[in-house]
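Structure record follows, encoded as structure tokens.
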Amino acid sequence: MGKEDRMVICGAGYVGSALAKLSVFAGIHTILLEDRKDFADRAKEIGAQEIICRPFDKAIRDLTEEANTAYVVMTRGHAYDEKCLLEIAKKESYYVGMMGSKTRSAMMREELRLAGVSAEWINRLHAPIGLSIGAQTPEEIAVAVLAQILSERSRVGNPLRAGYEVFRQALTCLKEGERFVLATILERQGSAPRKEGTHFIVGESGQCFGTISGGKLEADIVQAAMEMMTHGERIRIESSDLNNRDAAEEGLVCGGQVRVLMEAGVNRQ
């Protein structure tokens, strides 16, 4: 899945709006669907990348097919939820959840079965939605739902495509023709803070995009990037060993080792 993670929320009510805010905060590309214009207009303050005001089933039908998508259904009524789920069942996704009681969730599963939705897909449906944390308010329910989505994303091996956002920021901010160095974590051991595949970009103007840890490690990578651009190096592998004192400065329990691939490039927009 080469694109950034995407969350499609059906319904801009209290819980839907609260979840959209959390999703945006978590750096997930958030699409909010709502068929009522006044609710859709109010939702514009949330900051979601897309707010679509159309009948739910038509809006879902026209969404691009992307497997890195989590669908959350929390409309104002059972009939609308069913329309959403029947369309979502035709799409790729790594998570589908519906808000509702155990009784209503059981009824929905039976209706989906009668409508011809496969048993395998129905078994994947998270309904009632969210982790069981005793959530009561819209904001608490939103936390429970987002936590469940992140857990499922991790389980199926669909990590957040943070690199996508890093590249987009860099392309927007770097001048045309400006040199940069792309740093990517190749491997880590111990308590090194970022995972393999994490990206960090350093422009020759000193602008940095993304993070691979902060603190000493990141400072070392920035210095190495500047050296590469000064001397015209195209590629380098940096190894960093955080001893216990360095690790304490990073906020870690103990040290770790990191190998970083550094590649020089030019922003050609």
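Which residues, counting only those in region 91-115, are crowded, with 18+ Cβ neighbours inside 10 Å, free of Cβ contacts under 8 Å to residues at least 60 places away in the same chain and hydrophobic (A, V, I, L, M, F, W, C)?
Listed by number, the residues that qualify are Val96, Met98, Met108, Leu112.
I need the full set of residues from region 1-25 which are within 13 Å of Gln49 (Cβ to Cβ), surrounded by 24 or more Cβ atoms within 10 Å (Cβ to Cβ) and free of Cβ contacts under 8 Å to residues at least 60 places away in the same chain, in order please.
Once the filter is applied, which keeps residues that are within 13 Å of Gln49 (Cβ to Cβ), surrounded by 24 or more Cβ atoms within 10 Å (Cβ to Cβ) and free of Cβ contacts under 8 Å to residues at least 60 places away in the same chain, region 1-25 yields only Ala20.
Just checking, how many residues over region 234-263 are modelled with pLDDT under 75, buried (at least 18 other Cβ atoms within 10 Å of the Cβ) and outside any helix (DSSP H, G or I)?
4
Only one residue in Ala119, Ala67 is among the small types (Gly, Ala, Ser) and either open to solvent by 60 Å² or more (accessible area, probe 1.4 Å) or within 17 Å of Gly16 (Cα to Cα) (or both). Which one?
Answer to the check: Ala119.
Within region 176-216, track down each residue that is modelled with pLDDT under 90 and of a type in the set (Lys, Arg).
Hits for region 176-216 are Arg188, Arg194, Lys195, Lys216.
Quick one: which of Ile60, Ile28, Ile88, Ile46 is open to solvent by less than 40 Å² (accessible area, probe 1.4 Å), within 12 Å of Val8 (Cα to Cα), at pLDDT below 95 and not polar (S, T, N, Q)?
Ile28
Looking for something part of a helix (DSSP H, G or I), open to solvent by 20 Å² or more (accessible area, probe 1.4 Å), modelled with pLDDT under 85 and not aromatic (Phe, Trp, Tyr) - is there at least one such residue anywhere in region 220-228?
no
The values are calculated or read from the model by the stated rules, or taken from the named source; none is laboratory data. Here the structure is a predicted model, which is why all the values come from computation and not from measurement. Positions of Cβ are backbone-derived with ideal geometry, glycine not excepted, and every protein chain shown enters the neighbour counts. Side chains are part of the model used for accessible areas, which takes the heavy atoms of the whole protein and leaves out ligands, DNA and RNA. Shrake-Rupley method; radii C 1.70, N 1.55, O 1.52, S 1.80 Å.
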